[in-house]
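Enquirer: One structure, pasted below without further comment.
The values are calculated or read from the model by the stated rules, or taken from the named source; none is laboratory data. Values in this document were obtained by computation on a predicted structure and should not be read as measured data. With ideal geometry, Cβ positions are generated from the backbone for all residues, glycine too; neighbour counts draw on all protein chains shown.
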Amino acid sequence: MANRVTGDEVKEIIGTSLTASEIAPMITAANILVTARCASAGYSIAVLKEIERWLAAHFITARDRSTSLSSKTIGEASETYSQSQASSSYALGSSPYGQQALLLDYLGCLTTLGKQKATLKFYGATHEEFE
């Protein structure tokens, strides 16, 4: 499937020095993920596009550290970058862009990313013993 968003559309929500062609791989990754996890959930094309746009912006923060700049001092030149505090959902909660993608995904298609499914195995018991 073709990407739902363009580099310029993503750059409308994230300040980055990367060019539209440099962020193309992040858009492609967002498209693959949104298509695989959200497309069959019944979202409108507009919602899928917005999830993809915010997810692409989140992926940009992994490459362009200046997008996660949390402080800057001019005199004596100092910069501080925010650190990821999230450990689940492939750290979508670690950037405001990933958080927005999760919020737009109101059906929760992205919330189970990286989480293992629980399985139960019963050894030595039959179905009748549980009734």
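Enquirer: Out of Ser88, Ser71, report the one residue that is at pLDDT below 65 and touching a Ser or Thr at 6+ places or on another chain (Cβ under 7 Å).
Expert: Residue meeting the stated conditions: Ser71.
Enquirer: Is there a residue being in a loop (DSSP other than H, G, I, E, B) and of a type in the set (A, V, I, L, M, F, W, C) anywhere in region 41-56? First the steps, then the outcome.
Expert: Just the residues of region 41-56 that are in a loop (DSSP other than H, G, I, E, B), to begin with: 42-44.
Among the residues that remain, those that are also of a type in the set (A, V, I, L, M, F, W, C) are: none.
No; the residues of region 41-56 include none that is in a loop (DSSP other than H, G, I, E, B) and of a type in the set (A, V, I, L, M, F, W, C).
Enquirer: Kindly indicate whether any position in region 54-65 is at pLDDT below 75 and out of contact with any Leu (no Cβ under 8 Å at 6 or more places or on another chain).
Expert: The first filter runs over region 54-65 and keeps only residues at pLDDT below 75, leaving 64-65.
If we keep only those that are out of contact with any Leu (no Cβ under 8 Å at 6 or more places or on another chain) too, we end up with 65.
Yes, the conditions are met somewhere in region 54-65.
Enquirer: Any chance you could count how many residues in region 1-11 are part of a loop (DSSP other than H, G, I, E, B) and touching a residue at least 40 places away in the same chain (Cβ under 8 Å)?
Expert: Restricting attention to region 1-11, the residues satisfying the condition of being part of a loop (DSSP other than H, G, I, E, B) are 1-6.
Still in the running and touching a residue at least 40 places away in the same chain (Cβ under 8 Å): 3-5.
The number of residues fulfilling the criteria is 3.
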